[in-house]
1. Which of the lysines could a cross-linker bridge to Lys166, judged by Cα under 28 Å and excluding same-chain residues fewer than eight apart?
2. Calculated from DSSP H runs of 4 or more alone, at -39500 (n - 2.57) each and per residue, what is the 222 nm mean residue ellipticity of the chain, nearest 500?
3. Extension gain Phe89-Arg152, at 0.36 nm per residue separation less the Cα-Cα distance, in nm?
4. Please list, ordered by chain and number, the residues whose modelled amide H lies under 5 Å from the amide H of Gly104; skip anything fewer than 5 residues away on the same chain.
5. Report the net charge of residues surrounding Phe93, where surrounding means a beta-carbon distance below 12 angstrom and charges are Lys +1, Arg +1, Asp -1, Glu -1.
6. Using 7 Å Cα-to-Cβ label points, what is the Ser2/Glu57 separation (nm, one decimal)?
7. Report the Stokes-Einstein translational diffusion coefficient (µm² s⁻¹, integer) for the chain, Rh taken as the Kirkwood radius over Cα pairs, at 25 °C with viscosity 0.890 mPa s.
8. Let me know the shape class of the stretch 39-144, please: from the alpha-carbon gyration tensor, a ≥ b ≥ c as square roots of the eigenvalues, rounded when a/c is under 1.5, otherwise prolate if a/b is greater than b/c, or oblate.
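Bear in mind these aren't lab numbers, they're just calculated from the coordinates by the rules spelled out. This structure is a prediction, so every number in the text was calculated from the model and none was measured. Heads up, the Cβs are rebuilt from the backbone with ideal geometry, glycines too, and the neighbour counts pull from every protein chain shown.
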Amino acid sequence: MSFTVAIDGPAAAGKGTISRAVAAHFGFGHLDTGLLYRAVGALGGDPVAAAKTLRPEDLQRGDLRTLEAGQAASRVAVIPEVRAALRDFQRTFALRQGGAVLDGRDIGTVICPEAEVKLFVTASAEVRAHRRWRELGGDEADVLAQVVERDRRDMDRADSPLRPAKDAVVIDTTDMTIDQAVAAALAAVQRVYSAR
Ligand code: DC
């Protein structure tokens with residue numbers, strides 16, 4: 001049986017933590033789709049060729065979590081041919097037996113519009129920047145500027161822009177602890193899962 005949970009939202013809203021918790025709780029596989037774009041950005045050269053020939057080991061690089069890698073990912077992610085090259089892999093993963101959680105920007109809207117559950121996880125830009133800064137250090141004002149720039153690029157692009165699917169459950173984590181955000185996500189998935 002396949003069961004797909006699509007989790008979208010802007011950078012540092014808590015998608016990763018929530019996705020891992022949902023996957024662990026229900027025993028589903030998890031794909032962090034941002035990592036695909038980060039790997040394409042980090043490989044350099046022609047991004048379309050990189051996306052077409054991406055290998056599993058490219059996702060294991062140690063330098064994919066930096067702010068720079070996030071910016072590079074957001075830049076290659078505006079290219080329709082890059083997005084198209086990564087689409088089938090994500091769709092196949094979504095339909096794997098035993099259930100799947102995919103987190104990204106366009107999972108509920110473009111990759112898996114038929115997902116059983118769609119969550120849109122968000123938070124204010126200030127709170128997201130503060131969380132990223134606590135994780136990665138640097139200058140907090142700089143981190144906020146980068147978060148705002150990446151939001152704008154991800155939301156304004158023509159192909160698969162970041163936006164909630166019409167039937168997404170919105171979880172605003174601005175004033176939530178991690179435990180509260182995870183509990184809200186688990187409850188939203190459980191409602192659908194138990195009804196099947
Ligand atoms: O989730 P993340 O911060 O690792 O994503 C990095 C960038 O990749 C993000 O700014 C935009 C792009 N991305 C995308 O366009 N579509 C996705 N499904 C996931 C990420």
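1. Lys15, Lys118
2. Details: 8 runs with 99 residues, N = 196.
Rounded to the nearest 500, the figure is -16000 deg cm²/dmol.
3. Working: separation 63, 0.36 × 63 = 22.68 nm, distance 2.63 nm.
Stretched out fully, the Phe89 to Arg152 stretch lengthens by 20.0 nm.
4. Ile7, Asp8, Gly9
5. Details: positive: Arg87, Arg91, Arg96; negative: Asp32, Asp88, Asp103.
Net charge around Phe93: 0.
6. Simple spin-label model gives 3.0 nm for this pair.
7. Values: Rh = 16.9 Å.
The estimated diffusion coefficient comes to 146 µm²/s.
8. Values: a/c = 1.99, a/b = 1.24, b/c = 1.61.
It comes out oblate by the Cα gyration axes.
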